[in-house]
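Each remark here refers to the structure printed beneath this line.
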Amino acid sequence: MVVFDSADPDFFFPHVDLTKVPEYTAEAAKAGGPGDASLGMLFRRLSEIPAVTVAKVRGRARGAGSEFLLACDMRFASRENAVLCQPEVGIGTPPGAGAIQHLTRLLGRGRALEALLTSADFDAELAERYGWINRAVPDAELDEFVARIAARMGTFPRDALIATKSAVNALSLATPADVRADAALFQQLVRSEATQQRTTELFKHGFQTRGRTELDLADALGDLKAVD
C-alpha cells in the first residue's frame, strides 16, 4: 500500500511549471523523445506499479496534479478543502499527461468534455458525483478513513491485490500510443501564439506564485480576454 498526501494545505499537487516546458522536453528527448519519456508515460507507469496507490487529497490538484491523482488507483478527498481542475484548455492546449484518457473513461463523454473544456474548478462533492474521485469525506474524518481502508487492504494477500489491479488495468488504462499522442499534442499547442498570449497575461497577474491568481486559477482563466 502507498498513500500520497501533501504537507501544503493549499495545494495537493500543482500544475506543471509552464516556464520550464522546453527544459522538460529537452530532458525527455535524452531518454528517447517526449512521447516515450513524457509526464503522461511516467504517470502511466505509476498506474502499473505492483502496489495499491491511494491519494488523500486536501487543497488544489490542477493540471498535472489532477493527472497524478487520476494515475493513482483510488482518490479520497476532503469535502471542505479539495479542488480539482484541468485548466489546460483555458490556457490554450489540451491536457497532455492522462486527463483526457482517464476522465473520458471515468466520467463519460459529456461530463469529461465539461470538465476539460470549461477548465472550471470542481469541489470534492461535485467531483465525487461525476466520478473524478472515489469519495468526498469530511475533512476531520479523512485521515482516519484513508488509514482504515489502506490497513484493510494491507491485510489481504498481496498476489490477489496485484493480480486484480493488473486485470482492471488491462481493461481500463489507455494504451501507450494514446498517451504518447496526448503528450505530442500538448507539446505542439503549448508553444502556440494563443497559449503564449494567455500565459503572458496570467504571469502579469501573479501566475505560478502563491497568490490570488494561482489560488483561484479557474476564475483567472475566465477573466482573460478571448483569443482565437
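The values are calculated or read from the model by the stated rules, or taken from the named source; none is laboratory data. All values reported here derive from a predicted model rather than from experimental measurement. So basically every Cβ, Gly included, is an ideal-geometry build from the backbone, and we count neighbours across all protein chains shown. These area figures cover heavy atoms from the full protein model, side chains too; ligands, DNA and RNA do not enter into them. Shrake-Rupley method; radii C 1.70, N 1.55, O 1.52, S 1.80 Å.
The table that follows gives values for the structure above.
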read-out	value
Filter on LYS56/LYS204; LYS20/LYS165; LYS56/LYS165 - keep pairs with C-alpha separation over 30 Å	LYS56/LYS204; LYS20/LYS165
Cut-off under 5 Å, modelled amide H: who pairs with PHE12 long-range	ARG60, ALA61
Listed residues ALA218, ALA147, ALA127, most fluctuating in the chain (Gaussian network, C-alpha, under 10 Å)	ALA147
At 0.692 mPa s and 37 °C, Stokes diffusion of the chain via Kirkwood alpha-carbon radius, µm² per second	181
Surface accessible to a 1.4 Å probe, ASP5 within the full protein complex, Å²	90
By accessible area with a 1.4 Å probe, ligands and nucleic acids excluded, highest first: order of PHE156, PHE43	PHE156, PHE43
Solvent exposure of the chain as accessible area per residue, Å², 1.4 Å probe	50
Protein-only accessible surface order, largest first, of LYS225, LYS165, LYS20 at 1.4 Å	LYS225, LYS20, LYS165
Relative contact order (%) - the chain, alpha-carbon pairs under 8 angstrom, separation at least six	23
Long-range HN-HN contacts of ARG79 with modeled amide H, under 5 Å	VAL137, ASP139
Dipole of the range 56-186 [Lys/Arg +1, Asp/Glu -1 at C-beta], most positive-end residue of SER172, VAL83, HIS102	SER172
Charged-residue dipole, Cβ positions (Lys, Arg, Asp, Glu), the chain about Cα centre, Debye nearest 20	500
Dipole magnitude (debye, nearest 20) for the range 101-228, charges at Cβ of Lys, Arg, Asp, Glu	500
Length-normalised contact order for the range 101-228 - Cα pairs under 8 Å, 6+ apart - percent	24
Peptides ranked, highest mean first, by Cβ atoms within 10 Å: ranges 198-209, 92-103	92-103, 198-209
